[in-house]
Amino acid sequence: MEQKEDLVFPIEDALEMILMFDRGGKISYANAAARQKLGYESNLCGRNIWDIFPGSFSAGKDGFETECLIGKEHQNLLAYRKNLTCFPVEARIVKEDVCTGIYICMANDILEKEFLGREIDRIRQEAQQAMKVKSEFVANVTHELRTPVNGVLGNVRELLSGGTDEATEKSLRLVERCCDDMNKIINNILDFSKLEAGKFTLEPRKFHFRNMLDYVKANHINKITEKGLGFFMTVSPQIPEYVIGDELRIVQILNNLLSNAQKFTSWGKITMEAVRTAQVNDRIELFFIVSDTGIGIDTGDRDKLFQSFSQVDASISRKYGGTGLGLNICKQLVELMGGRIEVESEKNRGSTFSFSVWVGTCDSGEAALQQPDDVKGASLRMAAMEGPPEEGGENSENIRKYGTQENKENLKKTLSKLILSVEMENWEKAEMFVETIRQLTEEAPREVKRSALRLKMAIQKENYEKVTAEFKELNDFL
Ligand code: ADP
């Protein structure tokens, strides 16, 4: 049968193969793509559809049994060429006209797609295998390294406990410190390779939040005080006593940020703060801030910070050491805990790293959340070196729920006192007022609370421009 000349469809040149056939299975039209792909050139009309799809269509008593194929989206069929070779297609068959009983089959050659799919699978498998080999290698090597390092460490500690002369003790302490550093690097490499391989799992459990922070503080306080730096830690009373999360990993992030703060600061102070910024059912968002008055980071270098093996420049690694893995691991851990890590910094004025994580709450830990309003506002402060700044004229009695008229008026008053202190460069007073603002915004929505926190950081840095910008933002919220 001749190709129907009157069927001049725009589909003639479609890339898809298009075949029309009747209830008897007889093909009445095949577009150029169908003719070319099936190798029939011009003489496809008059053939039966089961010549093309012998596995899917079969001749029945009155025509063919195709109802089960009709209307379905994308069926995978095998199309046979004239030379009886075949290729996979993704086909859709529709009934064009109920009265005439004309069917249209639209099919796409998916040989290449299947081939590419198989190639992608193969490459993915190879990459996974390579990653597995790499992870196993890293795990083995780090394990092999850890054994002798711990052997050296154990012996050094034994020698130290036995008592030695001053010079030997000094050398042994140095060896001990080197072994500790080496262990830290080994642990970082292990964590990094596990995170990269997607094999890292969090281990959440109930823990005492303030004990965890005390432990972190204890880890760093000696080194910080040895350098003559001040250390302040503030924990919002809105954080329950107990939370459910991966304590070890939160400790790891804080340890990393505090080690860096200590490493890159030679005068001034380091502050650590923890607040509750949001609650959804029994999950709360904790927001941590670690701030220092150290060497700071250039704007251009900030994006590099969270990349693996990235140190701001070679002179940093020469002077301060490190692998450049710490912040990348922190970022990945924070993201696993549903949060974000950010940095604000100014060259030679200091850096502020902040991150959020989501943790669960548990019944025994609800006590802190159920405190009366006036107690909630009184921030629990723990100062390591010197006492915290004294509370200002606004005391905890003035702390009301954020939305009340009284609270907003208090806030406005305190803000204007604060900006006055800033204008007079009385930073100590400004810090006192910003603490009151922080308390007055304890119940505020997250953006307001964060804005107050940023204002506090800017004041601690004595950064006039930033303070005025943050002041404006907070003022706009009111
Ligand atoms: P490292 O183990 O090398 O310290 P990190 O990933 O923790 O690796 O830090 C990467 C780099 O970020 C550091 O080498 C340093 O250049 C910069 N950096 C991190 N924290 C601070 C900070 N508090 N002050 C200044 N620079 C910092």
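The values are calculated or read from the model by the stated rules, or taken from the named source; none is laboratory data. This one's a predicted model, so the numbers in the text were calculated from it and none came from an experiment. Glycine also receives a Cβ, built like all others from the backbone with ideal geometry; neighbour counts cover every protein chain displayed. For accessibility, only protein heavy atoms count, side chains too; no ligands or nucleic acids. Shrake-Rupley method; radii C 1.70, N 1.55, O 1.52, S 1.80 Å.
Here are the numbers for the structure shown:
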| item | result |
| --- | --- |
| The one condition in (1) surrounded by 12 or more Cβ atoms within 10 Å (Cβ to Cβ); (2) touching a helix residue (DSSP H, G or I) at 6+ places or on another chain (Cβ under 9 Å); (3) touching a residue at least 12 places away in the same chain (Cβ under 8 Å) that VAL141 fails to fulfil | (3) |
| Complete set of residues in segment 16-30 that are modelled with pLDDT of 90 or more and outside any strand (DSSP E or B) | GLU16 |
| Which numbered condition ASN463 fails, given (1) open to solvent by less than 20 Å² (accessible area, probe 1.4 Å); (2) out of contact with any strand residue (DSSP E or B) (no Cβ under 8 Å at 6 or more places or on another chain) | (2) |
| Tally, over segment 466-478, of residues that are open to solvent by 30 Å² or more (accessible area, probe 1.4 Å) and part of a helix (DSSP H, G or I) | 9 |
| Residues that are among the basic types (Lys, Arg) and either open to solvent by less than 40 Å² (accessible area, probe 1.4 Å) or at pLDDT 85 or above (or both), drawn from segment 55-94 | ARG81, LYS82, ARG92 |
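Per-residue answers, yes or no, for (1) over 21 Å from the mean Cα position of the chain (by Cα); (2) more than 12 Å from PHE353 (Cα to Cα); (3) within 16 Å of the ligand (Cβ to nearest atom):
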{"position": "ILE244", "(1), (2), (3)": "no, yes, no"}
{"position": "LEU248", "(1), (2), (3)": "no, yes, no"}
{"position": "ASN256", "(1), (2), (3)": "no, no, yes"}
{"position": "GLN262", "(1), (2), (3)": "yes, yes, yes"}
{"position": "THR265", "(1), (2), (3)": "yes, yes, yes"}
{"position": "LYS269", "(1), (2), (3)": "yes, yes, yes"}
{"position": "ARG276", "(1), (2), (3)": "no, yes, no"}
{"position": "GLN279", "(1), (2), (3)": "no, yes, no"}
{"position": "LEU286", "(1), (2), (3)": "no, yes, no"}
